[in-house]
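Enquirer: Questions regarding the structure given below will be posed in turn.
No value in this document is a laboratory result; all are computed from the given coordinates. Here the structure is a predicted model, which means the values were calculated and not measured. Note that we place each Cβ from the backbone using ideal geometry, even for glycine, and neighbour counts take in every protein chain shown.
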């Protein structure tokens with residue numbers, strides 16, 4: 001169910017300006033979604049969901065995805081949490097761990113596969129930062145597991161699914177090719193573009209489905225959660241091989 005959401009929050013979704021979301025926008029257990037309009041959802045890709053069974057099921061999926069990503073064995077520690085200029089500039093598929101993560105400039109993800117970034121605290125990006133995907137790297141294969149909150153600086157071009165325990169803030173002009181999913185806190189938007197990605201490195205993630213708000217009896221473990229777990233499973237073998245090689 002979470003795969004059908006471009007934006008999902010625990011407490012509230014707030015927006016300023018002409019934000020455009022591809023996918024559903026929801027909140028649970030909170031119920032407040034404000035700023036739509038002027039924000040909009042691309043037709044036929046989603047609806048707003050205020051503390052309904054659909055948003056609840058999506059939060060259940062998000063919890064599964066977050067816990068799965070958080071418990072993967074770290075393959076590489078990023079010194080100082082520095083991504084882009086002054087730190088790691090090009091990475092291949094793997095599990096990367098750090099304390100507070102910061103992106104400055106461009107981080108290039110090179111190759112098809114799963115990329116998991118485990119943040120022991122926050123994730124922040126400098127203005128104008130970006131993620132570049134090359135050699136069949138896919139936004140749907142990128143997972144940002146953030147133990148506290150994520151803040152994207154102005155005009156950041158982010159790729160991947162942000163799974164934050166607390167809040168997510170997208171400042172003016174930031175874009176996400178993926179999803180902004182917050183478990184407990186708010187998602188704050190300001191003239192952004194958020195596009196729920198489809199495709200992926202293993203079993204493809206389907207495009208988001210527009211789900212009306214009055215849907216009931218929604219299962220708690222959706223196809224998206226199963227697809228996500230299937231996509232992450234190869235990482236266990238990858239990490240095991242690296243440990244044996246070491």
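Enquirer: What angle do you read, to the nearest 10 degrees and between 0 and 90, between the alpha-carbon axis of helix 223-245 and the longest principal axis of the chain?
Expert: It works out to around 10 degrees.
Enquirer: Could you give the length gained by full extension between residue 135 and residue 112, i.e. 0.36 nm per residue of separation minus their alpha carbon distance, to one decimal place?
Expert: Once the chain is fully extended between residue 135 and residue 112, it gains 7.6 nm.
Enquirer: Can you figure out the FRET efficiency of residue 63 with residue 16, using R₀ = 30 Å and their beta-carbon distance, to the nearest 0.05?
Expert: My answer for the efficiency is 0.60.
Enquirer: Another question, if that's okay. Only bridges whose two residues both fall in the chain count here: according to DSSP, what percent of them are antiparallel, nearest 5?
Expert: If we restrict to bridges inside the chain, about 0 percent are antiparallel.
Enquirer: With labels modelled as points extended 7 Å from the Cα through the Cβ direction, what inter-label distance (nm, one decimal) is found for residue 92 paired with residue 31?
Expert: 5.2 nm
Enquirer: Hey, what angle do you get for helix 53-70 against the long axis of the chain, alpha-carbon based, 0 to 90 degrees rounded to 10?
Expert: Here the helix axis deviates by roughly 10 degrees.
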